[in-house]
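Enquirer: Got a structure for you, questions after.
The values are calculated or read from the model by the stated rules, or taken from the named source; none is laboratory data. As the structure is a computational prediction, the values presented were derived from the model and not from experiment. Heads up, the Cβs are rebuilt from the backbone with ideal geometry, glycines too, and the neighbour counts pull from every protein chain shown.
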Amino acid sequence: MELIHKYFPDLSDNQYRQFELLWDAYREWNDKINVISRKDIDNLYLHHILHSLTIAKFIQFKDGSRILDLGTGGGFPAVPLAIMFPNVKFTAIDGTRKKITVVNEVKEIAQIENLTALQDRAEEHRKKYEFVVTRAVAKIERLKEWSTNLIDPNDQRHAQPNGIIALKGGRVKDETNDLSKKDYFETYPLVNFIKEPYFEEKYILYLQR
């Protein structure tokens with residue numbers, strides 16, 4: 001929690017309480033359904049929660065926005081972002097039922113009211129959103145393919161046009177080389193936002209719809 005206070009000092013008491021509740025919630029459910037490596041659960045705040053929240057340093061989602069977490073796994077980045085932006089509507093989808101079970105249980109424990117978690121596949125999902133956010137799901141070319149029909153081309157309310165915001169690690173340039181010349185994208189090192197050694201060689205990749 002020291003990391004949350006350090007990088008996000010202006011949250012409400014209720015938001016800090018919700019972030020604190022995630023510790024016991026994830027430890028309890030991870031013992032039943034392994035959605036985070038058991039070797040990594042002690043690094044929950046740095047490796048998973050704060051990693052997800054780097055998106056909040058890149059963009060401030062406006063109230064009423066609709067955001068989709070595609071391939072949410074155990075709820076990252078949707079769960080931390082939903083706490084960070086209580087007036088934004090988050091939907092988290094994943095094809096694996098047990099992962100969505102964990103997200104829904106964590107949602108109840110932390111009393112996150114602006115998050116809907118569904119077992120669904122991107123190809124079958126029919127709603128539209130301003131942004132698709134992802135973390136360690138697939139290469140950007142595949143994410144672009146999956147997200148084409150999920151991003152609303154008309155409801156534009158942010159400085160950044162609607163698109164994909166993907167948390168990436170490693171050789172992000174290799175992925176962007178696969179995009180077409182018509183695709184507009186930007187990459188940002190996470191250490192620009194969160195100055196912790198863990199985030200070296202990790203990036204946000206933004207792809208405009």
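Enquirer: Taking the residues in the range 65-107 that are among the small types (Gly, Ala, Ser) and closer than 18 Å to ASP31 by Cβ as candidates, determine which candidate is surrounded by the most Cβ atoms within 10 Å (Cβ to Cβ).
Expert: This residue is GLY75.
Enquirer: Which count do you get for residues in the range 156-175 that are touching a Phe, Trp or Tyr at 6+ places or on another chain (Cβ under 6 Å) and among the β-branched types (Val, Ile, Thr)?
Expert: Summing the residues that are touching a Phe, Trp or Tyr at 6+ places or on another chain (Cβ under 6 Å) and among the β-branched types (Val, Ile, Thr) in the range 156-175 gives 2.
Enquirer: Kindly provide the set of residues from the range 152-163 that are farther than 14 Å from ARG66 by Cβ and touching a helix residue (DSSP H, G or I) at 6+ places or on another chain (Cβ under 9 Å), ordered by number.
Expert: If the condition is that a residue be farther than 14 Å from ARG66 by Cβ and touching a helix residue (DSSP H, G or I) at 6+ places or on another chain (Cβ under 9 Å), then GLN160 is the only one that fits.
Enquirer: Regarding ALA136, is this residue surrounded by fewer than 14 Cβ atoms within 10 Å (Cβ to Cβ) and within 24 Å of LEU44 (Cβ to Cβ)?
Expert: Yes.
Enquirer: Do we have ALA136 as within 17 Å of the chain's Cα centre (by Cα), closer than 17 Å to ILE49 by Cα and at pLDDT below 95 here?
Expert: Yes, satisfied.
Each row is one residue, and each column tells you yes or no for (1) in contact with a Leu (Cβ under 7 Å, 6 or more places away or on another chain); (2) at positive phi; (3) among the basic types (Lys, Arg).
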| position | (1), (2), (3) |
| --- | --- |
| LEU11 | no, no, no |
| ASP24 | no, no, no |
| LYS32 | no, no, yes |
| ILE49 | yes, no, no |
| GLY73 | no, yes, no |
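Enquirer: Consider only pairs whose beta carbons are under 8 Å apart and that are at least six residues apart or on different chains; among these, list those whose first residue lies in the range 53-64 and is loosely packed, with under 13 Cβ neighbours inside 10 Å and whose second residue is at pLDDT 95 or above and among the charged types (D, E, K, R).
Expert: Pairs found: GLY64/LYS89.
Enquirer: Quick check: anything in the range 20-28 under 25 Å from PRO189 (Cα atoms) and either in contact with a strand residue (DSSP E or B) (Cβ under 6 Å, 6 or more places away or on another chain) or not hydroxyl-bearing (Ser, Thr, Tyr) (or both)?
Expert: No: zero hits.
Enquirer: Looking at the range 42-59, which of its residues are more than 10 Å from the chain's Cα centre (by Cα) and assigned to a helix (DSSP H, G or I)?
Expert: ASP42, ASN43, LEU44, TYR45, LEU46, HIS47, LEU50, LYS57, PHE58
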